[in-house]
1. Applying the selection to region A:121-135, what residues are touching a residue at least 40 places away in the same chain (Cβ under 8 Å) and assigned to a helix (DSSP H, G or I)?
2. I'd like the full set of residues that are surrounded by fewer than 21 Cβ atoms within 10 Å (Cβ to Cβ), more than 30 Å from residue B:120 (Cα to Cα), touching a strand residue (DSSP E or B) at 6+ places or on another chain (Cβ under 8 Å) and within 11 Å of chain A (Cβ to nearest Cβ), limited to region B:275-318.
3. Which ones in region B:34-54 are outside any strand (DSSP E or B) and buried (at least 22 other Cβ atoms within 10 Å of the Cβ)?
4. Give the number of residues within region A:86-117 that are in a loop (DSSP other than H, G, I, E, B) and either within 14 Å of chain B (Cβ to nearest Cβ) or without any contact (Cβ under 8 Å) to a residue 60 or more places away in the chain (or both).
5. Answer yes or no as to whether residue A:25 is within 18 Å of residue A:80 (Cβ to Cβ) and without any contact (Cβ under 8 Å) to a residue 40 or more places away in the chain.
6. Would you check if residue A:132 is under 23 Å from the mean Cα position of the chain (by Cα) and over 25 Å from residue A:11 (Cα atoms)?
7. Of all residues in region A:229-248, which are touching a residue at least 40 places away in the same chain (Cβ under 8 Å) and surrounded by 21 or more Cβ atoms within 10 Å (Cβ to Cβ)?
8. Restricting attention to region B:148-178, and to residues there that are at pLDDT below 95 and touching a strand residue (DSSP E or B) at 6+ places or on another chain (Cβ under 9 Å), which single residue is farthest from the other protein chains (Cβ to nearest Cβ)?
């Protein structure tokens, strides 16, 4: 096997389309936009077995506080899952052959990583890709994360009946206000609303920049849609959704509302479910999150899917982290306001692409 | 919810029988045998919601390096999975109801743990019990583990065809030597063979004592079986298997081969697959292991099933544990160097 930088948009995207792990987040233009807006260099690794492309592994190389990091994905990109995507033939193989390929891919990648010698390596796999043992055996650490997924193959009645009684009541109550749902590609209003939610909690929105999301929405108008809910002509809730794969829709960025007295978010999620189902999607990914976010999402009776966050830190990076934690803690102590310690981006429902 | 010690073997075992997470390892007599042979005291915790028993949570309290540890299961008991077992009604609740119960159980347990104030807590869950977030949110460290399971609902032909070519060839080769398979409850020969393998590796056998395994085999003669392959009257390979659940068989302890040139351990797996299937089991759990062991097991084309190990250690525990692990590693390095 051989690792090379695959600087061929057409071939890359063809591979993403066919790979069981290939998501919208893996697409060439998506990753190039990340590169333009983050301070990271995109490294489109391809792993070959002879002439056959077996795996793509998008990495981003960057520097922080003088230390180097190799990430898939970088922080604050709102990319929940990235990491390796394999050729469909790999998944169809017997366990021993499949695991041999995983071992070889890991071997080759680690050789490449050793050449770069970063202080920190981090990647998140796609949901249900949990066999990262080949990395664990190379002294990487693994943290598993959970995503909530609604099965859209059930009838709408079944889906509705699976919601908690309280959730159904809230949706019915919003219905009485004759809410108006709109679909758009303009992310400005969503961003205002979303940022407001973070400002209230005294934290920064976990997004590189507004222009990053705007460029994504403009580049993928078919895949990224903003749903808004207005009551009496006033915006009450907004959410950006995206088509992760042919059959997997994602309730992506949002969850902020201006009407705390009404279950407008629940109503909007139900609308997204109905629309995604009517468009032929089989799953709606709600993402994961901290306890409070999970409690909200659990109302829709979703199933859990696992994915892995794999990391390797050298001592310098660990020291840097400790120093940062200490500085942050001191800054918080100094402010000594009644405000709680800043919640993590995860707690705000941003998805786990953080730096730990 | 109320957290209590359930000192009632009958009620405990009835619950284990019906719980989707209830395994042979959860049974009262199994855990009492562990208590007798380990230096740990069995704490049969249970959680009630009103009058209803919702969850059992077997724990063992003991001391290590002079510190207090709370384990489920304790080390060297050859129990890969234990932890909580819930009432079947919990599984069929809607996500929010189920998660609320998980959180309440974790809250109650953590309150009890705080009372005991151990230096270290460890839990290994049963396969496919995924939702351990309530523990993660209580600052437990969760490690995802993977075990291998062969789907016995496939036909024998399909199972055979799914084995790697090398593996099939090895089994055919052993068949040509007219191997004899025996089933017994006597674990002595297995233990001897197994211990020999660990001595070669310069490691200690990860079992409390021989008498522990002997007592388990004697207490559960229907559930624990030792299979051995003999060629020309000489023991070639042996494995202890056990019935984990009504439909789940477990390839448990041993699987050491005395003959380097023959794949007798592959042959034994295939024999156990056939026997377990004929007895109506739907899955054969092969367990997992380090890289070399996983490569061996992957030859049987099993599927991966996740389970968790959860840990919480205070600083007092981390310091000697860190020192001990460094010491063991350097001892192993010296051993490997001397063997070269």
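The values are calculated or read from the model by the stated rules, or taken from the named source; none is laboratory data. Keep in mind the model is a prediction, meaning the values are calculated, not measured. Cβ coordinates were reconstructed from backbone atoms using ideal geometry, including for glycine residues, and neighbour counts include every protein chain displayed.
1. Once the filter is applied, which keeps residues that are touching a residue at least 40 places away in the same chain (Cβ under 8 Å) and assigned to a helix (DSSP H, G or I), region A:121-135 yields only A:135.
2. B:303
3. If the condition is that a residue be outside any strand (DSSP E or B) and buried (at least 22 other Cβ atoms within 10 Å of the Cβ), then B:34, B:40 are the ones that fit.
4. 4
5. No; evaluated as a whole, the condition is false for this residue.
6. Yes: the conditions hold for residue A:132.
7. Correct list: A:229, A:236, A:237, A:238, A:239, A:240, A:242, A:244, A:245.
8. B:178
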